[in-house]
Amino acid sequence: MNIELELPTQPIAATDRIPRLATEPGVPDHVRRRALEFAQTARERGLTIGCRPSGVAAGCLYLATQRVGLCLSQQQIADTAGTSPNTLRNRRDELLEIDT
């Protein structure tokens, strides 16, 4: 529709996906904010280049839940994000490399 109306479109970023991902499993706000911080850091460091935003968002959310001890399975987050647990783990591992 944007093309038909000649409206500019913005690419979807991982930060745009995190609020919806965090809402469905009922993730607390402080965990959601931490996931957004991870996503922003990933973007600033260039980790999002060539990666689907849903995979990056899933990895950020999973890492944030791990850091606070919230038990959400990789499969649950991956299903909500529409990605695979393997992609989620890959993005989480990349985030761990820059968040040490």
By average C-beta atoms within 10 angstrom, highest first, the peptides 50-63, 80-93: 50-63, 80-93
Leading residue at positive end of dipole, the chain (Cβ point charges), from LEU88, ILE18, ALA64: ALA64
Cα-centre dipole for the stretch 12-100 with unit charges at Cβ (Lys and Arg positive, Asp and Glu negative), debye to 20: 60
Per-residue Cβ neighbour rank within 10 angstrom, fewest leading, ARG32, ARG17: ARG32, ARG17
Exposure proxy ranking, count of Cβ atoms within 10 Å, fewest first, for THR65, THR41: THR41, THR65
Principal axis dimensions, the stretch 14-98 - Cα atoms, whole angstrom, descending: 29, 23, 21
Contact order relative to length of the stretch 14-98, as percent, for alpha carbon pairs under 8 angstrom and 6 or more apart: 33
Helical contribution to [θ] at 222 nm, DSSP H n ≥ 4, -39,500 (n - 2.57), averaged over the chain, rounded to 500: -20000 deg cm²/dmol
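Rule-based calculations on the coordinates, nothing more; no lab input. This one's a predicted model, so the numbers in the text were calculated from it and none came from an experiment. Here the Cβ is made from the backbone with ideal geometry for all residues, glycine too, and neighbour counts use every protein chain on show.
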